[in-house]
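As structure tokens, the structure follows; a few thoughts come after it.
What follows draws every value from the coordinates through simple rules; no lab data is involved. Remember, it's a predicted structure, so these values are computed and weren't measured experimentally. Note: ideal-geometry Cβ built from the backbone for every residue, glycine included; neighbour counts use all protein chains shown.
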Ligand SMILES: [Zn+2]
């Protein structure tokens with residue numbers, strides 16, 4: 001099964017580990033969470049999960065803040081079944097799971113006992129892997145590593161097409177610019193690492209690229225660390 005690149009992982013409040021942060025920083029995964037929980041707004045996790053079933057009592061926001069449409073907020077075909085599996089008294093658990101499913105997440109990281117206790121049933125229903133951030137650390141790392149090669153192969157095909165059509169330059173970045181974080185003083189670098197930036201990645205189209213390459217004619221190519229590595233590989237391959 002082909003996932004989005006980078007693979008989306010749903011991260012519940014209290015489940016954000018330093019390993020997950022590192023994976024995201026490296027561009028291997030994209031963390032998402034349910035955007036309307038109280039106290040769940042974390043700068044490290046994008047509030048981009050698609051809303052599940054709309055019920056005002058579940059939402060920690062106003063209609064104006066919400067944007068979106070009623071269509072986006074309908075529960076998936078699995079919401080009824082999810083609500084049967086998890087404790088009905090905690091409706092938020094079901095909404096989180098349904099939201100992760102609707103967003104296309106490959107994994108769901110949680111410290112919630114009720115969800116972990118029903119992991120087999122839920123994994124089978126939603127085709128989403130469920131992990132505890134600490135207890136299942138090794139399995140989670142393996143899962144992330146195993147998903148990468150397949151996605152990388154897809155991305156390299158895309159990079160070759162982008163180079164062929166001229167969207168991506170064939171050459172390494174020729175212009176030198178001061179790098180504000182990595183090169184203090186008078187040293188110069190041709191690439192600025194920092195961000196994430198608002199513009200989507202030139203290679204995968206997902207938000208949050210951390211690297212900017214500056215070219216002649218004011219062209220700027222913004223890419224994720226992982227996407228940049230693959231692009232370098234393609235450039236090296238094409239030069240042979
Ligand atoms: Zn990218």
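Annotation for residue 19 and residue 164: the two label points, set 7 Å from Cα along the Cα-Cβ direction, are 3.9 nm apart.
The slack between residue 229 and residue 171, meaning 0.36 nm per residue of separation minus the straight C-alpha distance, is 19.5 nm. Note on 223, 32: ascending count of other Cβ atoms within 10 Å places them as 32, 223, the fewest first.
When peptides 118-131, 89-102 are sorted by average Cβ neighbour count within 10 Å, with the highest value leading, the order is 89-102, 118-131.
If the chain linking residue 219 and residue 113 were pulled fully straight, counting 0.36 nm for each residue of separation and taking away their Cα-Cα distance, it would gain 33.2 nm. Here the gap between residue 135 and residue 89, fully extended at 0.36 nm per residue and compared with their Cα-Cα distance, gives a gain of 14.0 nm.
Once the C-beta distance of residue 125 and residue 145 is scaled by a Förster radius of 22 Å, the resulting FRET efficiency is 0.30 to the nearest 0.05. When each of the peptides 160-169, 6-15 is scored by how many other beta carbons lie within 10 Å of its residues on average, the order from highest to lowest is 6-15, 160-169.
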